[in-house]
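These notes are about the structure you will find just below.
The values are calculated or read from the model by the stated rules, or taken from the named source; none is laboratory data. For clarity, every value in this text was computed on a predicted model and none was experimentally measured. When we count neighbours, we look across all protein chains shown, and the Cβ atoms used for this are built from the backbone with ideal geometry, even at glycine.
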Amino acid sequence: MVPRYGPAEVIEVRDDWPEPDLPGPGEVLVVVQAAGLNPSDAKIRAGGGRLGGVEPPYVSGREAAGQVVEVGPGVDSLEPGQEVFAFFGWGARPGGHTERLVVAASALALSPLGVPVNEAAGLPLAGLTALQGLEALGASGGERVLVTSGSGGVGHLGVQIAVALGLEVIATSGPANLGFVRGLGAAEVLDYRDEDHRRRLRGIPYLLDSVGAGNIGSYLSCLSTGAKVAAVAGVPSEVPDGITVTPIRCEASSARLTRLSQLMTERRLSVTVQQVFPLEQAAEAHRLLEGGHVRGKLVIAIGA
Ligand SMILES: NC(=O)c1ccc[n+]([C@@H]2O[C@H](COP(=O)([O-])OP(=O)(O)OC[C@H]3O[C@@H](n4cnc5c(N)ncnc54)[C@H](OP(=O)(O)O)[C@@H]3O)[C@@H](O)[C@H]2O)c1
């Protein structure tokens, strides 16, 4: 748990945290097996409470995978024992990095079949964000989409979801991840550290960016007139006429999560987990994430 805003060192592992209430109407009690870690967890912990609408002390984590223990009144679609995963939403009670929690059924979906729980746990927040971004772009039928940060949490799922949607994906990544991102199905992967790589990009109609406003700004000259941009990590202050930038903020959605779960079950989408940390090493996981060079996702195993 996070007792106060600050560096990763403030994180404490406590066994005296209050047990969650029984699930109320529309809610589900879940025993958590694994929970993804996301940049927002570190940003909120560092003092960005506004991001998540939480004040310390709180339990970190906005997504989790586990098993249904009990359902509240009005929840007819789930039953005890089922494997589920969720992104809880920003205003909801946080706390994926804990053993038991109550989640709104509207934020849950059945976990993908035959997929290890650590991989399922890394999907919800980044996967929903990538899917929402691609929906906002509205590309279809073989159109080209540029996915920046093809190796990141959002980006590596964005590449695969775009491919599953039938799009032609051009991605960027660092030199060590070029092969990894090609393996996700990108038709072309360009090294973002090569200053000249933008010259090879002309007339791009769609951009899914999860790096930041400055990064979007650096690709504006590569976009076609009428291009659409889904901005996951910030919107540039100035955008030329004719280019539409849509800010993306991940929304809890059982329906979208079910779609992603299906893609995982069909092996058309996978989560790359760079490292699984026991809960006791959550601070170390935060530090690694804050380094900004994770491939795919980091996951906290609960009760392992
Ligand atoms: N709006 C929302 O609801 C929402 C949801 C999810 C995430 N986000 C935000 O989106 C951002 C990304 O999140 P994430 O989970 O995807 O992050 P992440 O996994 O931590 O991103 C790290 C990855 O980004 C790559 N990278 C860094 N700079 C790059 C660049 N200039 N071009 C291409 N790749 C680059 C790194 O590759 P190298 O190691 O090669 O540098 C690394 O693989 C964060 O700011 C996060 O807070 C927002």
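Can you name the number of the only condition in (1) surrounded by 24 or more Cβ atoms within 10 Å (Cβ to Cβ); (2) modelled with pLDDT under 95; (3) not β-branched (Val, Ile, Thr) that SER77 fails?
Here SER77 meets the rest and fails (1).
Within the stretch 16-37, which residues are at pLDDT 95 or above and either outside the structural domain of SER77 (by TED's automatic domain parsing) or under 30 Å from LEU288 (Cβ atoms) (or both)?
Matches in the stretch 16-37: VAL30, VAL31, VAL32, GLN33, ALA34, ALA35, GLY36, LEU37.
If you take the residues of the stretch 163-204 that are more than 9 Å from the ligand (Cβ to nearest atom) and of a type in the set (Lys, Arg), which of them is nearest to the chain's Cα centre (by Cα)?
ARG182
Please tell me if LEU101 is buried (at least 24 other Cβ atoms within 10 Å of the Cβ) and over 18 Å from the mean Cα position of the chain (by Cα).
Against the criterion (buried (at least 24 other Cβ atoms within 10 Å of the Cβ) and over 18 Å from the mean Cα position of the chain (by Cα)), LEU101 qualifies.
Please determine whether any residue of the stretch 121-137 is in contact with a strand residue (DSSP E or B) (Cβ under 6 Å, 6 or more places away or on another chain), at negative phi and away from the ligand (no atom under 16 Å from the Cβ).
Within the stretch 121-137, the first condition is being in contact with a strand residue (DSSP E or B) (Cβ under 6 Å, 6 or more places away or on another chain), and the residues that meet it are 121-122, 124-125, 128, 133, 136-137.
With at negative phi added as a condition, the list becomes 121-122, 124-125, 128, 133, 136-137.
Imposing the further condition that a residue be away from the ligand (no atom under 16 Å from the Cβ) reduces the set to none.
Within the stretch 121-137, none of the residues are in contact with a strand residue (DSSP E or B) (Cβ under 6 Å, 6 or more places away or on another chain), at negative phi and away from the ligand (no atom under 16 Å from the Cβ).
Among ARG267, ARG259, which is the only one that is over 30 Å from ARG45 (Cα atoms), charged (D, E, K, R) and out of contact with any helix residue (DSSP H, G or I) (no Cβ under 9 Å at 6 or more places or on another chain)? Give the derivation first.
On the way: ARG259 fails: out of contact with any helix residue (DSSP H, G or I) (no Cβ under 9 Å at 6 or more places or on another chain).
Unique residue meeting the criteria: ARG267.
From SER218, SER261, grab the single residue that is within 13 Å of the ligand (Cβ to nearest atom) and assigned to a helix (DSSP H, G or I).
From the options SER218, SER261, the qualifying one is SER218.
Could you check, for the stretch 156-163, whether at least one of its residues is buried (at least 24 other Cβ atoms within 10 Å of the Cβ) and part of a loop (DSSP other than H, G, I, E, B)?
no
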